Amino acid sequence: MHLWQLITPDLVLRKPIWFISPALLAQNNLRGLVLDVDSTIVGDSETEISPEVRQWVDVTRHDINIWLISNNFSDRRIQSIAESLNLPYRSRAGKPSRRIVRQALEAMGLRASEVGMVGDRLFTDTIAGNRLGMFTILVEPIDNKTSSWLSERSRVLRNWEIWIARRSGVNV
């Protein structure tokens, strides 16, 4: 598999996660979702879940298994977010490593092809999902309510990833 294939999501949403509809999930035969946390469901360093994300999770969980998988090292923060949404989670995932994502797939009892990997980053979320044969969805990052060095770093890295992908011919 070539680099540009690894960084090519199956779907570029260009909207936040709550625009992923039940129809889109059904159309792609998805029975599970693995969600990134930082900038995908909450802003970097934030713990407060927006009403849009909360409502989307509440509706989506009725038909779809959902797991949170984060590279974040703050177990306490990721646990707090997961518990507030009543979702299983793993932090310190080391994406694009597949190990933790495989554990979530096993816990769901689903094949990789039945699960979507949703995130805001190509070089972590999309690569991890593509390496496992998952349906990958790149979403727009959630804006941080407060600016921090971490949110600025994340924005710069994401923009760099998008630039590299476009230079490689990936339509993102």
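The values are calculated or read from the model by the stated rules, or taken from the named source; none is laboratory data. Since we're looking at a predicted model, the values are computed, not measured. Here the Cβ positions follow ideal geometry from the backbone for every residue, glycine too, while neighbour counts run over all protein chains shown. SASA here: full protein model, heavy atoms, side chains in, ligands and nucleic acids out. Shrake-Rupley method; radii C 1.70, N 1.55, O 1.52, S 1.80 Å.
Out of all the residues in segment 131-172, which are open to solvent by less than 20 Å² (accessible area, probe 1.4 Å) and either basic (Lys, Arg) or at pLDDT 95 or above (or both)?
Once the filter is applied, which keeps residues that are open to solvent by less than 20 Å² (accessible area, probe 1.4 Å) and either basic (Lys, Arg) or at pLDDT 95 or above (or both), segment 131-172 yields Met134, Thr136, Ile137, Leu138, Val139.
Taking into account only those residues within segment 43-57 that are touching a Lys or Arg at 6+ places or on another chain (Cβ under 9 Å) and of a type in the set (Ser, Thr, Tyr), which is nearest to Glu83 (Cα to Cα)?
First pass over segment 43-57, keeping only residues touching a Lys or Arg at 6+ places or on another chain (Cβ under 9 Å): 43-48.
From what is left, the residues that are of a type in the set (Ser, Thr, Tyr) are 45, 47.
Details: Ser45: 16, Thr47: 11 Å.
It comes out as Thr47.
Consider segment 4-59. How many of its residues are in a loop (DSSP other than H, G, I, E, B) and among the β-branched types (Val, Ile, Thr)? Don't jump to the end; show me each part of the working.
From segment 4-59, those in a loop (DSSP other than H, G, I, E, B) are 7-10, 13-16, 20-21, 28-31, 36-37, 39-41, 43-50; that's our starting set.
Then keep just the ones that are among the β-branched types (Val, Ile, Thr); that gives 7-8, 20, 37, 40-41, 47, 49.
Total satisfying the criteria: 8.
Please give the number of the condition Glu46 fails out of (1) of a type outside the set (Lys, Arg); (2) more than 20 Å from Arg158 (Cα to Cα); (3) over 13 Å from the mean Cα position of the chain (by Cα).
Result: Glu46 fails condition (2) only.
Looking at (1) within 28 Å of Arg167 (Cα to Cα); (2) open to solvent by 70 Å² or more (accessible area, probe 1.4 Å); (3) at pLDDT below 95, can you tell me which one Glu48 breaks?
Only one criterion in (1) within 28 Å of Arg167 (Cα to Cα); (2) open to solvent by 70 Å² or more (accessible area, probe 1.4 Å); (3) at pLDDT below 95 is unmet by Glu48, namely (1).
Does Arg99 count as of a type outside the set (Val, Ile, Thr) and surrounded by 17 or more Cβ atoms within 10 Å (Cβ to Cβ)?
Details: of a type outside the set (Val, Ile, Thr): yes; surrounded by 17 or more Cβ atoms within 10 Å (Cβ to Cβ): no.
For Arg99, the condition - of a type outside the set (Val, Ile, Thr) and surrounded by 17 or more Cβ atoms within 10 Å (Cβ to Cβ) - is not met.
Going through segment 14-41 one residue at a time, which ones are surrounded by fewer than 19 Cβ atoms within 10 Å (Cβ to Cβ), within 28 Å of Trp163 (Cβ to Cβ) and at pLDDT 95 or above?
So in segment 14-41, the residues surrounded by fewer than 19 Cβ atoms within 10 Å (Cβ to Cβ) come out as 14-15, 19, 21-24, 26-29, 31.
Okay, now just the ones that are also within 28 Å of Trp163 (Cβ to Cβ), so 14-15, 19, 24, 28.
Answer for segment 14-41, where residues must be surrounded by fewer than 19 Cβ atoms within 10 Å (Cβ to Cβ), within 28 Å of Trp163 (Cβ to Cβ) and at pLDDT 95 or above: Lys15, Phe19, Leu24, Asn28.
Restricting attention to segment 107-115, does a residue exist that is of a type in the set (Asp, Glu) and under 22 Å from Glu46 (Cβ atoms)? Full working, then the answer.
Start the filter on segment 107-115 by keeping residues that are of a type in the set (Asp, Glu), which leaves 114.
Still in the list and also under 22 Å from Glu46 (Cβ atoms): none.
No: segment 107-115 contains no residue that is of a type in the set (Asp, Glu) and under 22 Å from Glu46 (Cβ atoms).
Sort out for me the helices (runs of 4 or more DSSP H) sitting completely within segment 72-172 that have 2 or more residues that are more than 17 Å from the chain's Cα centre (by Cα) and either free of Cβ contacts under 8 Å to residues at least 24 places away in the same chain or under 12 Å from Asp38 (Cβ atoms) (or both). Show your work before the answer.
Working: elements: 75-85, 99-108, 127-132, 149-167.
Once the helices (runs of 4 or more DSSP H) in segment 72-172 are filtered for at least 2 residues that are more than 17 Å from the chain's Cα centre (by Cα) and either free of Cβ contacts under 8 Å to residues at least 24 places away in the same chain or under 12 Å from Asp38 (Cβ atoms) (or both), what remains is 75-85, 149-167.
On the phi > 0 side of the Ramachandran plot and among the small types (Gly, Ala, Ser): is that true of Ser45 in this structure?
On the way: on the phi > 0 side of the Ramachandran plot: yes; among the small types (Gly, Ala, Ser): yes.
When the stated conditions are applied, Ser45 passes them.
If I filter segment 3-13 for residues that are open to solvent by 20 Å² or more (accessible area, probe 1.4 Å), without any contact (Cβ under 8 Å) to a residue 60 or more places away in the chain and not hydrophobic (A, V, I, L, M, F, W, C), do I get at least one hit?
Scanning segment 3-13, I find no residue that is open to solvent by 20 Å² or more (accessible area, probe 1.4 Å), without any contact (Cβ under 8 Å) to a residue 60 or more places away in the chain and not hydrophobic (A, V, I, L, M, F, W, C), so the answer is no.
Consider Phe73 against the criteria (1) of a type in the set (Phe, Trp, Tyr); (2) buried (at least 21 other Cβ atoms within 10 Å of the Cβ); (3) modelled with pLDDT under 95: it satisfies all of them except one. Which criterion is unmet?
Every condition holds for Phe73 apart from (2).
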